[in-house]
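Sharing a structure here in structure tokens format.
The values are calculated or read from the model by the stated rules, or taken from the named source; none is laboratory data. All figures in this text were calculated on a predicted structure; none of them were measured in a lab. Neighbour counts run over all protein chains shown; Cβ positions are idealised from the backbone, glycine included.
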Amino acid sequence: MEKSAGRGKMAGTVLKALFVSYAVTAVILSVSAFLLLEFQMDTQKTGIMILACYVISCFFGGLLCGRRAGKRKFLWGLLTGILYFALLLLFSGMSESVFPPDIARILTTFVLCAGSGMAGGMIS
């Protein structure tokens, strides 16, 4: 009985961590959009800013999830990063008109999201 209550608690924690991750993403992308508009940055800098946004967001999500987990923090952070990526892929896939997508870019984003989520969990 205690294990199922613990699983429900961690499921809620993972959902909260994902919510925090996407809230951080919204703030960072809003600031980035303002900076891009104000300083007329090129597309290479835009891509770097977006990847940095993913890393920072997954890191904070992994940090939050790891603090609540207590044990195996890095795995909970990793799970948060993977779920963040999965939702990102789902929503961006629904809005993409070009198919098939760039596999190298997708794998890079996956590794960055999963790795930064795991790093946040380990640091917690």
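With respect to the numbered conditions (1) under 10 Å from the mean Cα position of the chain (by Cα); (2) exposed (fewer than 11 other Cβ atoms within 10 Å of the Cβ); (3) among the hydrophobic types (A, V, I, L, M, F, W, C), which one is the sole condition not fulfilled by ALA104?
Tallying (1) under 10 Å from the mean Cα position of the chain (by Cα); (2) exposed (fewer than 11 other Cβ atoms within 10 Å of the Cβ); (3) among the hydrophobic types (A, V, I, L, M, F, W, C), ALA104 fails exactly one: (1).
State all residues of region 10-55 that are touching a residue at least 12 places away in the same chain (Cβ under 8 Å) and charged (D, E, K, R); if no residue qualifies, say none.
LYS16
Can you tell me which residue in region 29-49 is modelled with the lowest pLDDT, limited to those that are surrounded by fewer than 10 Cβ atoms within 10 Å (Cβ to Cβ) and not in a helix (DSSP H, G or I)?
So, considering only residues that are surrounded by fewer than 10 Cβ atoms within 10 Å (Cβ to Cβ) and not in a helix (DSSP H, G or I), the one modelled with the lowest pLDDT is ASP42.
Let me confirm something: among ALA52, ALA17, ALA11, ALA26, which residue is in a helix (DSSP H, G or I) and surrounded by 16 or more Cβ atoms within 10 Å (Cβ to Cβ)?
ALA17
Spot the failing condition for GLY62; the list is (1) small (Gly, Ala, Ser); (2) surrounded by 14 or more Cβ atoms within 10 Å (Cβ to Cβ); (3) modelled with pLDDT under 90, and only one is missed.
Tallying (1) small (Gly, Ala, Ser); (2) surrounded by 14 or more Cβ atoms within 10 Å (Cβ to Cβ); (3) modelled with pLDDT under 90, GLY62 fails exactly one: (3).
Here's another thing I want to ask about it. Of the numbered conditions (1) in a helix (DSSP H, G or I); (2) free of Cβ contacts under 8 Å to residues at least 12 places away in the same chain, LYS71 satisfies every one except a single condition; which is it?
LYS71 satisfies every listed condition except (1).
Right, another one. Here are GLY93, GLY121: which of them is surrounded by 13 or more Cβ atoms within 10 Å (Cβ to Cβ), at negative phi and part of a helix (DSSP H, G or I)?
Unique residue meeting the criteria: GLY121.
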